[in-house]
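Q: After the structure tokens below, expect a handful of questions from me.
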Amino acid sequence: MAESVSGFLNDIRAVAPLFLAAAVAFYIVVEQLTYHRKKGPLPGAPLVVPFFGSVVRLIRDPTGYWDALAALAKESGQGLAADYFLGRFVVFVRDTELTHRVLSNVRPDAFQFIGHPFGKKLFGEHNFIYLFGDEHKDLRRRMAPNFTPRALSTYVAIQQRVIVAHLRRWLDRQSDVDCGERRAFQIRDPCRYMNLETSQTVFVGPYMTEEARRRFERDYDQFNVGVMAVPVDLPGFAFRRAKEGVARLASLLAGCVAQSKARMRAGGEPECLVDYWMQDTVREVDEAAADGLPPPAHTSDAEIGAYLFDFLYAAQDASTSSLCWAVSALDAHPDVLARVRAEVAAVWSPDSGEPISPEQVVELRYTQAVAREVVRYRPPATLVPHIAGQPFQLTEGYTVPKGTIVFPSVYESSFQGFQDADAFDPDRFFSEARREDVAFKRNFLPFGAGPHQCVGQRYALNHLVLFMALFVSLVDFRRDTKKGCDDLVYIPTIAPKDGCTVYLKQRCANFPSF
């Protein structure tokens, strides 16, 4: 009996590798067939690497990866291309009208914005970017006071104080001389830290201590690394550290919300974005309490803290990208630089001792056109990932399967429709004769479209205008131009490959102090 059992076990051991090989082969065949069924008539790879798909190429060379998909979509004439990574079927959308079709159909039975292919794990289930319908509309209504002309005017002075302080640090850094030559240095990281301080100060102002700012910076660094990492949600991996960092950041911001609520209840004047938000919020909460009702939706400290992190994430890296590309474009186009300097000098001087006023910002029409052209020519967030909640007929001949990750490309839209779209030409947004901002409005998508269009786009453009106005007035600069320095890299928004390396020198006689 023992011998027969032993023989049986030996037989199992002998055939186990065959069973395992058969199971793996079956999985691979099913995976390939499923991919082809979902792909249908779309162009795409004939075979995919099991489970991993194209993820290795995406991580190693994201620019080349997305360019290849865009080329496939263009050559096919369908404006679409298919791919596969980490067990997920992917559709890339190049065509502008199809991009609008995705962005305008954000609802449970169509598309849901995810911000990142694994965003719900990273950001949490209940963040602003995952809301839709009436709930989303109500929250946007509550956010509206944050971006009124009055609120934006408050932010203008704050933004400039931070920008000027950082430009002074950059110049101090450039004062180091090596063998008689000024050292060129990359401004991408300095821009990022400047924007982080700007966002912290504009959004939560007096409610974040210096120690909290340092902790915020550390956690945000971990978050940034995790966004670009392989999404392994296990201890010790960058993705898990990023996820934990997001929770700490949202908790810290929730504490700022509580302080703002207390100050607004006491009758304080708004000094930052969260104050403008909380003015109406505390009134609604107190009215509900007086009537014996629960607090309105989206008014808890924790919820608003999470939404503030969404704001900060949207503003931080996108703005860093735009500032770097603005410096690159101004250096590459001396005629544009000269016109911006002349326009700023006509309304403001560093010797005035005052920041540029909101009224003066309005007068900088050409500089505003340059800002719009910067974000058209190099939209910071090139792709706006969504997931199909249900099958959705995107074209007459193709229905997007449920669960598909769809990547509408706002970058590709920027180079469709516009006259000589490959050229950097701010006059397309300045010239009354051309009015390309009207003629090709549907192709201008750096801030998205539809119900999830960026709520803070006026703030973002103001920040870019203010940075350019101060930078060209206070600083003489020159790019350290090398072959490929302006190639695109994804980190996670796009930036110049060389980190925007420049030589700087003080331009004005006296640095402003305000």
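Q: Being outside any helix (DSSP H, G or I) and over 21 Å from residue 488 (Cβ atoms), is that true of even one residue in segment 370-385?
A: There is no residue in segment 370-385 that is outside any helix (DSSP H, G or I) and over 21 Å from residue 488 (Cβ atoms).
Q: What number of residues in segment 357-395 are more than 28 Å from residue 80 (Cβ to Cβ) and free of Cβ contacts under 8 Å to residues at least 40 places away in the same chain?
A: Of the residues in segment 357-395, 4 are more than 28 Å from residue 80 (Cβ to Cβ) and free of Cβ contacts under 8 Å to residues at least 40 places away in the same chain.
Q: Among (1) β-branched (Val, Ile, Thr); (2) out of contact with any Gly (no Cβ under 6 Å at 6 or more places or on another chain); (3) touching a residue at least 12 places away in the same chain (Cβ under 8 Å), where does residue 232 come up short?
A: Tallying (1) β-branched (Val, Ile, Thr); (2) out of contact with any Gly (no Cβ under 6 Å at 6 or more places or on another chain); (3) touching a residue at least 12 places away in the same chain (Cβ under 8 Å), residue 232 fails exactly one: (3).
Q: If we scan segment 205-224, do we find a residue that is open to solvent by 20 Å² or more (accessible area, probe 1.4 Å), of a type in the set (A, V, I, L, M, F, W, C) and within 30 Å of residue 85 (Cα to Cα)?
A: Within segment 205-224, none of the residues are open to solvent by 20 Å² or more (accessible area, probe 1.4 Å), of a type in the set (A, V, I, L, M, F, W, C) and within 30 Å of residue 85 (Cα to Cα).
Q: Which of the following residues is touching a residue at least 40 places away in the same chain (Cβ under 8 Å) and more than 29 Å from residue 225 (Cβ to Cβ): 138, 134?
A: Going through 138, 134 in turn, just one is touching a residue at least 40 places away in the same chain (Cβ under 8 Å) and more than 29 Å from residue 225 (Cβ to Cβ): 138.
Q: Of the residues that make up segment 487-505, is at least one acidic (Asp, Glu), exposed (fewer than 15 other Cβ atoms within 10 Å of the Cβ) and under 30 Å from residue 222 (Cα atoms)?
A: Looking through segment 487-505, at least one residue is acidic (Asp, Glu), exposed (fewer than 15 other Cβ atoms within 10 Å of the Cβ) and under 30 Å from residue 222 (Cα atoms).
Q: So which residues in segment 432-447 are charged (D, E, K, R), open to solvent by less than 90 Å² (accessible area, probe 1.4 Å) and without any contact (Cβ under 8 Å) to a residue 40 or more places away in the chain?
A: 434, 436
Q: Okay, moving on. For residues that are closer than 27 Å to residue 493 by Cα, of a type in the set (Asp, Glu) and open to solvent by 60 Å² or more (accessible area, probe 1.4 Å), tally how many sit in segment 315-368.
A: Total meeting the criteria: 0.
Q: Can you tell me how many residues in segment 448-463 are open to solvent by less than 30 Å² (accessible area, probe 1.4 Å) and not aliphatic (A, V, I, L, M)?
A: Residues in segment 448-463 being open to solvent by less than 30 Å² (accessible area, probe 1.4 Å) and not aliphatic (A, V, I, L, M): 4 in total.
Q: Restricting to segment 412-424, name every residue that is open to solvent by 40 Å² or more (accessible area, probe 1.4 Å) and free of Cβ contacts under 8 Å to residues at least 60 places away in the same chain.
A: 415, 419, 420, 422
Q: In the list 289, 258, which residue meets the criterion of being aliphatic (A, V, I, L, M), touching a residue at least 24 places away in the same chain (Cβ under 8 Å) and in a helix (DSSP H, G or I)?
A: 258
Q: Moving on to the next point. Does residue 101 fit the bill of being in contact with a Leu (Cβ under 7 Å, 6 or more places away or on another chain) and open to solvent by 10 Å² or more (accessible area, probe 1.4 Å)?
A: So residue 101 passes the test.
Q: Looking only at segment 98-126, which residues are out of contact with any Gly (no Cβ under 8 Å at 6 or more places or on another chain) and under 18 Å from residue 442 (Cβ atoms)?
A: The answer is 99, 101, 102.
Q: A further question follows. Looking only at helices (runs of 4 or more DSSP H) that lie completely in segment 46-157, which have at least 1 residues being under 30 Å from residue 269 (Cβ atoms)?
A: The qualifying helices (runs of 4 or more DSSP H) are 133-143.
Q: Further, regarding this structure: Considering every residue within segment 231-239, establish whether at least one is among the β-branched types (Val, Ile, Thr), assigned to a helix (DSSP H, G or I) and touching a helix residue (DSSP H, G or I) at 6+ places or on another chain (Cβ under 6 Å).
A: No, there is no match, as no residue in segment 231-239 is among the β-branched types (Val, Ile, Thr), assigned to a helix (DSSP H, G or I) and touching a helix residue (DSSP H, G or I) at 6+ places or on another chain (Cβ under 6 Å).
Q: Continuing with the same structure: Working carefully through the options 24, 48, find the one that is within 25 Å of residue 232 (Cα to Cα), open to solvent by less than 80 Å² (accessible area, probe 1.4 Å) and modelled with pLDDT under 90.
A: 24
Q: Just checking, how many residues over segment 262-279 are in contact with a helix residue (DSSP H, G or I) (Cβ under 6 Å, 6 or more places away or on another chain), assigned to a helix (DSSP H, G or I) and not β-branched (Val, Ile, Thr)?
A: Residues flagged as in contact with a helix residue (DSSP H, G or I) (Cβ under 6 Å, 6 or more places away or on another chain), assigned to a helix (DSSP H, G or I) and not β-branched (Val, Ile, Thr) within segment 262-279 amount to 8.
The values are calculated or read from the model by the stated rules, or taken from the named source; none is laboratory data. Model, not experiment: these values are computed from the prediction. Here Cβ is always computed from backbone atoms with ideal geometry, including for glycine, and neighbour counts include all displayed protein chains. For the accessible areas, the whole protein counts, side chains as well, though only heavy atoms, and no ligand, DNA or RNA atoms are used. Shrake-Rupley method; radii C 1.70, N 1.55, O 1.52, S 1.80 Å.
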